[in-house]
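*Asks:* Quick one: structure below, then a few questions.
The values are calculated or read from the model by the stated rules, or taken from the named source; none is laboratory data. Here the structure is a predicted model, which means the values were calculated and not measured. When we count neighbours, we look across all protein chains shown, and the Cβ atoms used for this are built from the backbone with ideal geometry, even at glycine. Quick note on the areas: whole protein, heavy atoms, side chains included, nothing else; ligands and nucleic acids left out. Shrake-Rupley method; radii C 1.70, N 1.55, O 1.52, S 1.80 Å.
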Amino acid sequence: MTLAFSLPPPTDSPLSRLDPRWKLAALSIAAAVTATLQTLSVAVAACAGALFLAVLARLPGRWFLQRLGAASLFVALFALPLPWMLLDDGMSWSLGCLRVSRHGVQVALLLAVKAIALLTMFLTLQATAPLETNLKAAHALRIPSLFVQLGLLSYRYIFVLADELRRLRIALRVRGYRRGMNRHNYRTAGHVAGTLLVRGYERAERVGQAMRCRGFNGQFRSLKKFSTRPVDVLVFVLVAASAAALLVWDRYLELTP
Amino acid sequence: MSFEIAIQARDLTFAYPGGAPALSGVSFDVAAGESVGLVGPNGAGKTSLFLCLSGVLQARGGALSVGGLDPRDPSQRRHLPSQVGIVFQNSDDQLFNATVFDDVAFGPLNLELPPHEVRQRVDEALARVGLTGMEERVPFHLSGGEKRRVALAGVLAMRPSILLLDEPSMYLDPRGRRELIRLLHSLGGTRMIASHDLELILQTCQRVLLLDGGRSIADGPAQTVLADATLMEAHGLEVPYRLRGAAR
Ligand SMILES: Nc1ncnc2c1ncn2[C@@H]1O[C@H](COP(=O)(O)OP(=O)(O)OP(=O)(O)O)[C@@H](O)[C@H]1O
Ligand SMILES: [Mg+2]
């Protein structure tokens, strides 16, 4: 379960050598722009850009495709019904007794392409620097320390909760529990979910206490020193300018149908 | 300063919300540099006592002073972390950073030490617990014993004058346990060690405090208290192996 969140083995690449702050800033701008795109052709261009960055980052192919595959299933859940649901007066095709609207297909494709682009950017960020480096970069970019800590702790809790769940499942199995579809199973699943929640809460409280015992007062401190080279700025400007160009193109296409 | 007292507790009382008292009327003194073992059956209140001493829980009644500070006073509590280091019973509660290095550096950074001093303290603390070279590992992918050592290193790096160790030998293999005992001998300062590992207590503490049902039952030299077979049995403990011959 935690495998989905584990990081790939660090690879040396042009992107991983960049100053994490500039890289984070560039990818955040690119992601924000991608999220607001309204036209399919521009979204496809953004996705191509994201994939280009992924190539520059030398993302391990299997690692990337596995995550993309898992996310696609999730996106498909939302995107697939759209062609049937978004029926308007525009063009449509009939498939047997079903009517599929052109508008719906476009919205579904836009959603899917944007999701792939955003995930690619996120995975590129994840693969080119350890999580704590990215969080420290976020902190250096003046993201409030509350959010930085939230990021750090959420990441940590994924493992803790997965571990608790694993322990609970073992506890159930050694007492002869079998999965099934009856009343007893549903009740057990309910209890397990409840226990997990309570344990998670208590654990969170104790971690907070342990942090205070080590002098934590809400301030995020770090030894990481970042240094900027011209190439960092150049990459940032290139990515930001491309994002701006895509944004202008998108607005233009939208206003002149 | 005259006879220095590191921990002074008078008539400490604590109850969890809606529960029976976890501590009732516990009193004791610990002199600076003394090493005191805290023993008692499950649910005796050992962990609760440590949490009161470190200011996590608010004990009621009596007087409490730890390293000259009152953990119940919010303004004094802020200075407690540089004085008192507590290693929790469960290491998972204590480790939350993405690398071992960051976790051990967490305390020194909070003390606002200069970067080179932070690095030096982290290196030294990791060396003391035998984890040199593990700096970049992810703490939550370590074994139970390794986690325990990281947690201990994180506290040692703060160089507290008082150490509270809750079940320090849990999860350690025999060699790790031997090294822990050696480490405890090499550390100066005041220590309280709560443990069911009575052999460890016997080897590291001159004095023992026996708790049961939140009350202080006995307080005396480790060799005497732990050798008292009737007392030990009455409180769910047993005389450590190496004292058995002596009692007869
Ligand atoms: N969070 C809590 N909420 C309510 N009651 C608690 C809580 N933690 C402990 N207790 C109760 O307080 C009492 C003392 O518990 P404590 O954890 O201090 O015992 P302990 O001596 O550390 O035991 P062990 O040897 O098992 O670690 C027990 O009766 C326990 O049930
Ligand atoms: Mg305990």
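*Asks:* Any idea of B:PHE28's accessible area? Nearest 10 Å², probe 1.4 Å.
*Replies:* Answer for B:PHE28: close to 10 Å² accessible.
*Asks:* Can you work out the accessible area per residue across region B:160-206, with the rest of the protein chains kept in place, probe 1.4 Å, in square angstrom?
*Replies:* Dividing the accessible area of region B:160-206 by its residue count gives 40 Å².
*Asks:* Which residues, if any, in region B:66-105 have at least 30 Å² less accessible area in the whole protein complex than in the isolated chain, probe 1.4 Å?
*Replies:* Residues shielded by partner chains are B:PRO81, B:PHE88, B:ASP92, B:ASP93, B:GLN94, B:PHE96, B:ALA98, B:ASP102.
*Asks:* Express the carbon and sulfur contribution to the solvent-accessible surface of region B:90-159 as a percent, rounded to the nearest whole number, probe 1.4 angstrom.
*Replies:* The value for region B:90-159 is 49 percent carbon and sulfur by accessible area.
*Asks:* Kindly report the accessible area of region A:71-192 per residue (heavy atoms of protein chains, probe 1.4 Å, no ligands, DNA or RNA), in Å².
*Replies:* In whole numbers, region A:71-192 has 62 Å² accessible per residue.
*Asks:* Specify the angular offset, from 0 to 90 degrees and rounded to the nearest 10, of the alpha carbon long axis of helix B:174-186 from the longest principal axis of the alpha carbons in chain B.
*Replies:* 90 degrees
*Asks:* Still on this structure: So what is the accessible area of region B:90-159 per residue, in Å², with the probe set to 1.4 Å?
*Replies:* Each residue of region B:90-159 exposes 35 Å² on average to a 1.4 Å probe.
*Asks:* Please report, as a whole percent, how much of the solvent-accessible surface of region A:192-233 comes from carbon and sulfur atoms (probe radius 1.4 Å).
*Replies:* Here carbon and sulfur together make up 57 percent of the probe-accessible area.
*Asks:* Within region B:1-78, what whole-number % of the accessible surface is contributed by carbon and sulfur, with the 1.4 Å probe and all protein chains included in the calculation?
*Replies:* 53 percent
*Asks:* When all C-alpha to C-alpha distances in chain A are sorted into bins of 10 Å, what percent of pairs does each bin hold, rounded to whole numbers?
*Replies:* The distribution over chain A is 6, 21, 26, 23, 17, 6, 1, given as percents.
*Asks:* With +1 assigned to the C-beta of every Lys and Arg and -1 to the C-beta of every Asp and Glu, and no other charges, what is the dipole magnitude of region A:144-226 about the Cα centre in debye, to the nearest 20?
*Replies:* Computed charge dipole of region A:144-226: roughly 300 debye.
*Asks:* Let me ask you something else. Provide a list, ordered by number, of residues in region A:123-162 showing at least 50 Å² less accessible area with every protein chain present than when their chain is taken on its own, using a 1.4 Å probe.
*Replies:* A:GLU132, A:LEU152, A:ARG156, A:PHE159
*Asks:* If you don't mind, there's one more thing I want to ask. So what's Rg/Rh here for the protein assembly as shown, counting alpha carbon atoms and using the Kirkwood radius for Rh?
*Replies:* 1.08
*Asks:* Further, regarding this structure: Rounded to the nearest 10 Å², what accessible area does B:HIS116 show when all protein chains are kept and the probe is 1.4 Å?
*Replies:* 120 Å²
*Asks:* Does region A:145-257 come out rounded, prolate or oblate by the C-alpha gyration tensor, with a ≥ b ≥ c the root eigenvalues, rounded set by a/c under 1.5 and, if not, prolate when a/b is larger than b/c and oblate if not?
*Replies:* The shape class here is oblate.
*Asks:* Could you tell me which helices of chain A pass both thresholds, a Cα extent of 15 Å or more along their own axis and a mean Kyte-Doolittle hydropathy of at least -0.5, with helices taken as whole DSSP H runs?
*Replies:* For chain A, where a helix must reach 15 Å along its axis and average at least -0.5, the hits are A:20-36, A:40-56, A:61-79, A:102-128, A:145-174, A:230-255.
*Asks:* Using alpha carbons only, what's the Rg to Rh ratio of region B:142-229 with Rh from Kirkwood?
*Replies:* Using only Cα positions, Rg/Rh for region B:142-229 is 0.98.
*Asks:* Are there any residues in region A:184-206 with a reduction of at least 20 Å² in accessible surface when going from the isolated chain to the assembly of protein chains? Probe 1.4 Å, please list them by number.
*Replies:* A:ARG203, A:ARG206
*Asks:* Express in Å², to the nearest 10, the accessible area of A:CYS47 obtained by rolling a 1.4 Å probe over the protein heavy atoms while all chains stay in place.
*Replies:* We get 20 Å² for A:CYS47.
*Asks:* Let me check something: with ligands and nucleic acids excluded, how do B:TYR16, B:TYR171 order by accessible area (1.4 Å probe), largest to smallest?
*Replies:* Result of the area sort, largest leading: B:TYR171, B:TYR16.
*Asks:* Could you tally the net charge around B:GLU4, taking each other residue with its Cβ under 14 Å from the Cβ of B:GLU4, Lys/Arg +1 and Asp/Glu -1?
*Replies:* Summing Lys/Arg as +1 and Asp/Glu as -1 gives -2.
*Asks:* Using all C-alpha to C-alpha distances in region B:90-159, build P(r) with 5 Å bins and read off the rounded percent in each one.
*Replies:* The calculated distribution, bin by bin, is 3, 21, 34, 26, 12, 3, 0.
*Asks:* Here's something else I'd like to know. Please report the equivalent ellipsoid semi-axes of chain B, computed as sqrt(5 x eigenvalue) of the Cα gyration tensor, largest first, in whole Å.
*Replies:* 29, 22, 16
*Asks:* Looking at region A:8-144, what % of the alpha carbon pairs are farther apart than 25 Å?
*Replies:* Summing the P(r) of region A:8-144 above 25 Å gives 37 percent of all pairs.
*Asks:* Just to be sure I understand: if you take the accessible area of chain A alone plus chain B alone and subtract the pair, with a 1.4 Å probe, what total do you get in Å², rounded to 100?
*Replies:* So the total buried area for this chain pair works out to about 2500 Å².
*Asks:* Using alpha-carbon pairs under 8 Å, 6+ residues apart, how would you state the relative contact order of chain B in percent?
*Replies:* In percent, rounded to a whole number, it is 25.
*Asks:* Taking only Cα atoms, what is the 0 to 90° angle, nearest 10, from helix B:115-128's long axis to the longest principal axis of chain B?
*Replies:* 50 degrees
*Asks:* Student exercise: in the protein assembly as shown, how many lysine pairs 8 or more apart or on different chains have Cα atoms under 29 Å apart?
*Replies:* Taking the protein assembly as shown as the scope, the lysine pair count is 11.
*Asks:* Find out how many positive minus negative residues lie around B:PHE28, taking Lys and Arg as positive, Asp and Glu as negative, among other residues whose Cβ is under 10 Å from that of B:PHE28.
*Replies:* Around B:PHE28, the charge tally is 0.
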